[in-house]
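Asks: Encoded as structure tokens, here's the structure I'll be asking about.
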Amino acid sequence: NQEDDGIHIQINALEATVAPMRLLVEILKPFHFTTGQIEQIFKTRHHTSGAIFSSSVARLLRDRNRFIIQQIDTQQRDPMEIHSLDDVQLTWGNDQLISNTSPINTNYTTQISLRSKDLIFPLTLRNRKTSDFFYPKGMDGKKKVSKFMKDRKLNQFTKEKIPILVNGNGDIIWILGYIQDKRYSDMQHAEKVYYLKYTKL
């Protein structure tokens, strides 16, 4: 099945076929995996999640009850500095961030509001770091970003591509598509508000 993070092969469904190894070869050969790699992949079907195999054009992740195949992403996703949020439209890999000063329907996973006075420019759009932590909106206390993603049962491929918006002082403002930091969700006494919307291209 084709999902947002790649092609999913359910291990139980694979094993229920007459010749699971032969079927796996047919599925993986177009992605340039070698016979030796496919044999190793097949052996991991009863192992712990997390193993990753790479070919010249794709990667395969053994994740819980499935294999996930993802074509190698050639798009640059270096940290991006944002010097203004005044009516901007930014593209970062396959992600798009739109900001304006006109109100929108706010869903804090895909759309948020920010007070201008809370922001220190330049902001940064980047991937997660091991040391990242934040204060999730609707939760008590602080939490490591890695723990938040683990609790959400996100696979490694998804974790690698989630964009994070960071304030100029290093605070995480928003894990785009998931949750806002509650330190930046207060809209009281706001003279100027930015409305941000996140979409996948």
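Asks: Sort T91, T109 by accessible area with a 1.4 Å probe, largest first.
Replies: Largest to smallest exposure gives the sequence T91, T109.
Asks: Just one of (i) 17.1, 52; (ii) 20.2, 66; (iii) 16.7, 56 is Rg and Dmax of the Cα atoms in Å as worked out from the coordinates here. Which one is it?
Replies: Checked against the structure: label (ii).
Asks: Determine the calculated [θ] at 222 nm for the chain from helices alone, applying -39500 (n - 2.57) to every DSSP H run no shorter than 4 residues and normalising by the residue count; nearest 500 deg cm²/dmol.
Replies: -4500 deg cm²/dmol
Asks: Show K43, K29 ordered by accessible area, largest first, where the area counts protein heavy atoms only and the probe is 1.4 Å.
Replies: K43, K29
Asks: When the accessible area of the chain is split by element with a 1.4 Å probe, what percent falls to carbon and sulfur?
Replies: 48
Asks: With the dipole of the chain worked out from charges on the C-beta (+1 for Lys and Arg, -1 for Asp and Glu) around the Cα centre, which of L201, Q188, L23 lies farthest toward the positive end?
Replies: About the Cα centre, the residue reaching furthest to the positive side is L23.
Asks: What is the calculated FRET efficiency for A16 to D151, with r their C-beta to C-beta distance and R₀ = 30 Å, to the nearest 0.05?
Replies: 0.45
Asks: Which FRET efficiency value, to the nearest 0.05, do you get for Q2 and S102 by plugging their Cβ-Cβ distance into 1/(1 + (r/R0)^6) with R0 = 35 Å?
Replies: Once the sixth-power term is evaluated, E becomes 0.50.
Asks: Report the extension gain between Q37 and S56 in nm, rounded to one decimal, defined as 0.36 nm multiplied by the number of residues separating them, less their alpha carbon distance.
Replies: The span from Q37 to S56 would gain 5.6 nm if fully extended.
Asks: Right, here's the next one. Using +1 at the Cβ of each Lys and Arg and -1 at the Cβ of each Asp and Glu in segment 1-154, identify which of T48, G6, F33 lies farthest towards the dipole's positive end.
Replies: Working it through, the farthest residue towards the positive pole turns out to be T48.
Asks: For the chain, what does the accessible surface come to per residue with a 1.4 Å probe? Please give it in Å².
Replies: That works out to 54 Å² for each residue.
Asks: At a probe size of 1.4 Å, how large is the accessible area of V166, to the nearest 10 Å²?
Replies: About 10 Å², ignoring ligands and nucleic acids.
Asks: Please state the charge dipole magnitude for segment 1-81, taken about the Cα centre, from unit charges on C-beta atoms (+1 on K and R, -1 on D and E), reported in debye and rounded to the nearest 20.
Replies: Dipole about the Cα centre, nearest 20: 440 debye.
Asks: Next question. For D78 paired with Q188, estimate the spin-label separation in nm (one decimal), with each label point 7 Å from Cα along the Cα-to-Cβ line.
Replies: Output for this residue pair reads 4.3 nm.
The values are calculated or read from the model by the stated rules, or taken from the named source; none is laboratory data. Since we're looking at a predicted model, the values are computed, not measured. So basically every Cβ, Gly included, is an ideal-geometry build from the backbone, and we count neighbours across all protein chains shown. With ligands, DNA and RNA removed, areas are computed over all heavy atoms of the protein, side chains included. Shrake-Rupley method; radii C 1.70, N 1.55, O 1.52, S 1.80 Å.
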